[in-house]
Amino acid sequence: MTQHPNRESNASRSRRDVLKMAAAAGVSALAGPAVTGCGAPRAGADLSHRPPLTTGPLEFVRIGFVGVGGMGANHVEHLLKVPGAQIRAVCDIVPEKVARVQDMVAAAGQPKPAGYSRGPRDFERMCEVESLDIVYNAAPWEWHVPICVAAMQSGKHAATEVPAAYTVDGCWELVETAEKHGRHCVMLENCCYDRAELMILHMVRKGLFGEVLHGECGYLHDLRDIKFSRDGEGLWRRAHATKRNGNFYPTHGLGPIAQCMDINRGDRFDYLVSMSGPSRGLQLWQNEHLDPDDPRRAERYSLGDVNLSLLRTVNGRTVYLVHDTNLPRPYSRIRTLQGTRGIVSGYPDRVHIEGRSPPHQWEPLENYAAEFEHPLWKTDSARSATAGHGGMDYLENLRLIKCLMEGRPPDMDVYDAATWSVICALSETSVAKRSRPIDFPDFTRGRWRTAPPVGIVEA
Ligand SMILES: NC(=O)c1ccc[n+]([C@@H]2O[C@H](COP(=O)([O-])OP(=O)(O)OC[C@H]3O[C@@H](n4cnc5c(N)ncnc54)[C@H](O)[C@@H]3O)[C@@H](O)[C@H]2O)c1
């Protein structure tokens with residue numbers, strides 16, 4: 001098989017290494033379904049001049065939903081308020097969850113959607129049988145790639161919860177399937193639609209920070225009780241911490257920073273280095289909260305409680321990225337962006353703009369809201385959508401459905417999904433190799449040079 005030139009260096013070596021390490025560590029037990037076949041990219045011409053994928057406009061958008069647990073049911077709730085969105089089919093391995101969502105949809109005045117709950121691959125039957133425009137999934141991580149691939153192979157667009165994939169092969173499989181079938185594959189990175197992130201993007205586009213040079217971000221969220229819960233994520237998320245060590249959840253912090261830095265749209269991530277500290281938090285929780293005869297006491301964890309990665313772009317920008325989910329701490333995504341003319345930083349949100357802020361002092365970001373509120377956040381529907389992470393989940397669904405109906409490219413594409421998600425695999429490889437630099441694959445195959453940046457979009 002001809003190797004694509006972009007994968008000849010560390011990236012292709014790292015892919016093999018990840019697979020080897022995964023096999024050695026028994027990660028296959030987590031892998032659930034095998035990632036089928038097309039891990040290697042097509043032999044690659046430079047695709048710099050290929051325009052973004054567009055598909056024909058739709059009068060309404062027929063949706064099939066796979067995985068309606070916590071986040072899936074949340075999406076359905078929002079989609080029922082989005083003009084043009086129709087929930088036509090629902091799939092979950094738990095029949096009661098399917099029935100609950102069928103009732104939600106009917107209660108909202110739409111026809112009761114078809115239900116699929118004949119086991120973990122019933123989404124394939126749904127994709128084959130149903131006439132749908134898009135298949136959403138909010139299933140456990142190991143199912144994201146198979147569900148998206150089944151959707152696209154049957155002619156549907158795909159929307160997946162985060163991360164889109166956690167292996168290099170999985171990322172390539174999403175890119176190649178989307179390209180082969182001419183379908184969108186969108187990762188539902190809701191944090192790109194949060195109010196502060198969109199205000200910051202607006203300020204970047206208006207030039208307030210000058211040239212953007214550096215970002216600091218992450219996912220810092222005490223998930224110990226969720227990881228040990230008896231339902232929901234407690235059934236699958238903790239298992240990853242027994243086998244893997246790296247950044248499992250890079251996209252919430254990184255997605256908005258990547259948009260501000262025009263990643264895949266004028267710049268691209270070049271390489272990263274990553275290191276993890278000791279693993280203590282889950283073991284402590286286990287000892288202090290579980291009954292003496294609870295079998296989960298036998299688990300041992302490989303995930304370092306704090307994982308740090310440094311990313312560099314080909315244009316020389318830097319990003320500091322953190323994953324921190326096993327220790328007592330208040331929530332943060334850090335949300336720092338620095339340029340030649342100023343800096344913004346989160347938790348609490350504050351900003352310093354040279355020539356505008358008092359010298360050497362922070363101001364509240366809110367001081368800039370009157371002038372730089374993002375248009376999406378000026379709509380009543382966004383401001384009143386307090387459910388679902390305070391409105392951002394509604395906005396991400398609103399934008400995706402609107403783009404599909406208008407036949408425009410979605411705000412985030414399959415290259416964003418692959419590039420932001422591949423950090424899961426690259427960080428694991430770097431951690432396992434004493435923090436050696438690991439190259440990012442260029443999933444765009446050169447298109448990053450010509451693709452247009454994310455603009456200031458309207459509702
Ligand atoms: N963007 C966000 O803010 C956010 C927040 C929470 C979770 N998530 C993501 O959403 C996804 C789901 O997380 P969650 O918290 O809803 O977990 P969850 O466990 O509550 O929901 C997962 C659902 O998938 C179902 N499922 C499992 N395997 C399936 C299969 N093969 N086919 C069909 N259904 C299947 C489960 O029965 C469950 O109902 C994860 O990828 C997670 O990372 C994102």
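Observations
- Complete set of residues in segment 272-302 that are part of a loop (DSSP other than H, G, I, E, B) and open to solvent by 40 Å² or more (accessible area, probe 1.4 Å): P278, R280, D291, P292, D293, E299, R300, S302
- Residue match in segment 193-212 (condition: closer than 16 Å to G281 by Cβ and among the charged types (D, E, K, R)): no
- Which numbered condition S229 fails, given (1) in contact (Cβ under 8 Å) with a residue 40 or more places away in the chain; (2) among the polar types (S, T, N, Q); (3) within 15 Å of the ligand (Cβ to nearest atom): (1)
- Taken over segment 136-173, the criterion of being farther than 13 Å from F65 by Cα and hydroxyl-bearing (S, T, Y) is satisfied by S154, Y166, T167.
- Residue under evaluation R399, criteria (1) open to solvent by less than 10 Å² (accessible area, probe 1.4 Å); (2) in contact with an Asp or Glu (Cβ under 6 Å, 6 or more places away or on another chain), criterion not met: (1)
- Scoring Y331 on the criteria (1) open to solvent by less than 70 Å² (accessible area, probe 1.4 Å); (2) touching a residue at least 40 places away in the same chain (Cβ under 8 Å); (3) within 16 Å of the ligand (Cβ to nearest atom) leaves a single failure, condition (1).
- Hey, L213 more than 11 Å from the ligand (Cβ to nearest atom), over 21 Å from M71 (Cα atoms) and either open to solvent by 40 Å² or more (accessible area, probe 1.4 Å) or under 20 Å from the mean Cα position of the chain (by Cα) (or both) or not: yes
Every residue, every condition in (1) surrounded by 24 or more Cβ atoms within 10 Å (Cβ to Cβ); (2) touching a strand residue (DSSP E or B) at 6+ places or on another chain (Cβ under 6 Å); (3) among the acidic types (D, E), yes or no:
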{"site": "Y415", "(1), (2), (3)": "yes, no, no"}
{"site": "A425", "(1), (2), (3)": "yes, no, no"}
{"site": "A432", "(1), (2), (3)": "no, no, no"}
{"site": "S435", "(1), (2), (3)": "no, yes, no"}
{"site": "F440", "(1), (2), (3)": "yes, yes, no"}
{"site": "T444", "(1), (2), (3)": "yes, no, no"}
{"site": "W448", "(1), (2), (3)": "no, no, no"}
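- Of the residues making up segment 422-459, those that are under 22 Å from I200 (Cβ atoms) and either free of Cβ contacts under 8 Å to residues at least 60 places away in the same chain or assigned to a loop (DSSP other than H, G, I, E, B) (or both) are A451, P452, P453, V454, G455, I456, V457, E458, A459.
- Selection over segment 239-254 of residues that are in a helix (DSSP H, G or I), closer than 20 Å to V322 by Cβ and out of contact with any Cys (no Cβ under 6 Å at 6 or more places or on another chain) gives a count of 3.
Every residue, every condition in (1) touching a helix residue (DSSP H, G or I) at 6+ places or on another chain (Cβ under 6 Å); (2) open to solvent by 10 Å² or more (accessible area, probe 1.4 Å), yes or no:
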{"residue": "M152", "(1), (2)": "yes, no"}
{"residue": "G155", "(1), (2)": "no, yes"}
{"residue": "A159", "(1), (2)": "no, no"}
{"residue": "V162", "(1), (2)": "yes, no"}
{"residue": "Y166", "(1), (2)": "yes, yes"}
{"residue": "K180", "(1), (2)": "no, yes"}
{"residue": "H184", "(1), (2)": "no, yes"}
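- Set V135, V82, V98: member being in contact with an Asp or Glu (Cβ under 6 Å, 6 or more places away or on another chain) and either on the phi < 0 side of the Ramachandran plot or open to solvent by 30 Å² or more (accessible area, probe 1.4 Å) (or both): V98
- Any pair with Cβ under 8 angstrom, 6 or more apart, that starts in segment 81-100 at a residue that is closer than 14 Å to A114 by Cα and ends at one that is open to solvent by 50 Å² or more (accessible area, probe 1.4 Å) and among the hydroxyl-bearing types (S, T, Y): R88/S131
- Selection status of V175, within 16 Å of the ligand (Cβ to nearest atom), surrounded by 23 or more Cβ atoms within 10 Å (Cβ to Cβ), over 20 Å from E128 (Cβ atoms) and touching a residue at least 24 places away in the same chain (Cβ under 8 Å): no
- The listed residues are P348, P358, and the only one of them that is open to solvent by 70 Å² or more (accessible area, probe 1.4 Å) and on the phi < 0 side of the Ramachandran plot turns out to be P348.
The values are calculated or read from the model by the stated rules, or taken from the named source; none is laboratory data. Note that this is a predicted model, so its numbers are computed, not measured. Virtual Cβ from ideal backbone geometry, glycine too; neighbours counted across all protein chains shown. For accessibility, only protein heavy atoms count, side chains too; no ligands or nucleic acids. Shrake-Rupley method; radii C 1.70, N 1.55, O 1.52, S 1.80 Å.
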